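**Q** What follows is a structure written as structure tokens; I'll ask about it next.
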Amino acid sequence: MSQQEIEEYLQFAIQLAQDAGAIIKAAVDSRMAGSGSNIELKKENPTDLVTETDKAVEEFIKARLFKTYPSHKFIGEETFASGEKTEFTQEPTWIVDPIDGTTNFIHGYPFVAVSIGFTLNKIPTIGVVFNPLLNELYSAAKGQGAYLNNTIKLPLFNPPQPLTDLSHCLIATEAGSDRSKLVIDAKIAAIHDMLRKKDEHHPFAAESHSIRTTGSAALNLCNVAKGVVDVYWEVGCWEWDVAAGMVIVAESGGLVLEGHSDKTETDTANIFCRKYLAIRAALDRESQLHIASQMKDLIPAIDAPRAPVPGGYKA
Ligand code: LIP
């Protein structure tokens with residue numbers, strides 16, 4: 001595919017994200033003005049929320065995509081949730097989350113984004129993430145760098161700040177939607193180790209600067225691309241949450257690895273792996289891998305199967 005075609009798809013995705021973002025913003029504004037009628041719908045899992053707006057925005061994006069590129073493939077959160085079979089092939093494929101941060105959307109917490117990723121030959125090639133509540137647009141195409149609002153090159157720090165030790169890091173992570181005791185205990189134990197002082201019983205404790213959660217995997221990845229958080233680790237989110245953000249992180253000079261406790265794995269994460277560990281840009285890859293290895297020392301082994309496990313996931 002030529003650079004010209006990639007540029008065409010990037011501009012198409014940017015416009016699509018802005019138009020979808022306008023629908024999300026209007027829904028929030030009308031609810032805040034007391035005139036909205038967004039009915040909150042629940043999936044089987046009461047902590048994995050979906051609203052009428054998620055569905056409407058996905059339909060809007062899908063219709064525009066198929067009208068413009070009828071032969072392209074589509075993977076979307078709500079399409080998947082409706083039980084439609086999705087296959088990942090070498091074909092040009094759009095991977096979309098209509099609202100990443102649905103819980104935030106419901107509460108009016110302003111970390112809400114539409115996330116549009118594009119893969120070619122299974123390689124994440126374009127990523128656009130738009131937060132219409134803060135009017136922040138993140139975009140990247142493979143080999144062309146990552147940008148905020150089309151003009152500000154990421155990361156924001158130039159050159160990137162030194163990345164020396166996990167104790168100096170700000171770490172983003174999420175509770176996720178699997179609230180089974182095993183998973184929550186494992187995540188809290190990891191957060192405990194991210195925050196507490198090292199001692200003989202907790203040799204991997206990092207006493208890091210702190211932790212942050214935005215409630216949106218896509219925006220966590222964009223914060224890594226900006227360089228305003230150093231590390232993001234999450235188990236349990238899905239390809240539509242990360243497909244766009246992974247391109248944005250990579251193009252900012254960051255890494256996205258599989259977020260499991262295998263210390264030796266340094267390959268870029270498979271977008272379908274459901275476990276992600278992102279490290280911001282640094283002056284050299286060695287320091288990024290050093291931070292990844294420190295994180296892997298304290299990350300628990302949590303399963304994130306693609307099919308739901310009755311009673312929750314196994315830790
Ligand atoms: C959300 C993810 C977030 C995760 C939430 C949820 P949604 O996506 O972006 O990282 O922790 O549980 O999955 O459901 O708002 O599109």
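**Q** Counting only residues that are crowded, with 24+ Cβ neighbours inside 10 Å, modelled with pLDDT of 95 or more and within 14 Å of the ligand (Cβ to nearest atom), how many does the range 100-129 have?
**A** Within the range 100-129, residues that are crowded, with 24+ Cβ neighbours inside 10 Å, modelled with pLDDT of 95 or more and within 14 Å of the ligand (Cβ to nearest atom) number 9.
**Q** Can I ask one more? Could you please give the count of residues in the range 78-99 that are among the hydrophobic types (A, V, I, L, M, F, W, C), modelled with pLDDT under 95 and within 16 Å of the ligand (Cβ to nearest atom)?
**A** 2
**Q** Would you confirm whether any residue within the range 38-51 is surrounded by fewer than 21 Cβ atoms within 10 Å (Cβ to Cβ), of a type outside the set (Ser, Thr, Tyr) and more than 16 Å from the ligand (Cβ to nearest atom)?
**A** The answer is yes; a qualifying residue exists.
**Q** Next up: Between LYS85, LYS67, LYS55, which is over 20 Å from the mean Cα position of the chain (by Cα) and either outside any loop (DSSP other than H, G, I, E, B) or surrounded by 18 or more Cβ atoms within 10 Å (Cβ to Cβ) (or both)?
**A** Going through LYS85, LYS67, LYS55 in turn, just one is over 20 Å from the mean Cα position of the chain (by Cα) and either outside any loop (DSSP other than H, G, I, E, B) or surrounded by 18 or more Cβ atoms within 10 Å (Cβ to Cβ) (or both): LYS67.
**Q** Just to verify a result, which residue in the range 218-247, among those that are closer than 24 Å to GLU87 by Cβ and over 10 Å from the mean Cα position of the chain (by Cα), is surrounded by the fewest Cβ atoms within 10 Å (Cβ to Cβ)?
**A** The extreme case among them is GLY236.
**Q** How many residues are of a type in the set (Asp, Glu) and part of a helix (DSSP H, G or I) when one looks only at the range 169-210?
**A** Number of matching residues: 2.
**Q** While we're looking at this one, here's another question. Looking at the range 248-267, which of the residues that are of a type outside the set (A, V, I, L, M, F, W, C) and not in a loop (DSSP other than H, G, I, E, B) is surrounded by the most Cβ atoms within 10 Å (Cβ to Cβ)?
**A** Out of the qualifying residues, it is GLU251.
**Q** Now a separate question. Would you mind telling me which numbered condition in (1) touching a Pro at 6+ places or on another chain (Cβ under 7 Å); (2) more than 21 Å from THR213 (Cβ to Cβ); (3) in a loop (DSSP other than H, G, I, E, B) LEU134 fails?
**A** Only one criterion is unmet by LEU134, namely (2).
**Q** Is it the case that the range 154-174 has a residue that's over 21 Å from LYS25 (Cβ atoms), within 15 Å of the ligand (Cβ to nearest atom) and out of contact with any helix residue (DSSP H, G or I) (no Cβ under 6 Å at 6 or more places or on another chain)?
**A** Yes: the range 154-174 contains one or more residues that are over 21 Å from LYS25 (Cβ atoms), within 15 Å of the ligand (Cβ to nearest atom) and out of contact with any helix residue (DSSP H, G or I) (no Cβ under 6 Å at 6 or more places or on another chain).
**Q** Conditions first: (1) within 16 Å of the ligand (Cβ to nearest atom); (2) surrounded by fewer than 15 Cβ atoms within 10 Å (Cβ to Cβ); (3) farther than 30 Å from ALA307 by Cβ. TYR138 passes all but one, so which condition is the exception?
**A** (2)
The values are calculated or read from the model by the stated rules, or taken from the named source; none is laboratory data. Remember, it's a predicted structure, so these values are computed and weren't measured experimentally. In this analysis, Cβ positions are derived from the backbone assuming ideal geometry, glycine residues included, and neighbour counts consider all displayed protein chains.
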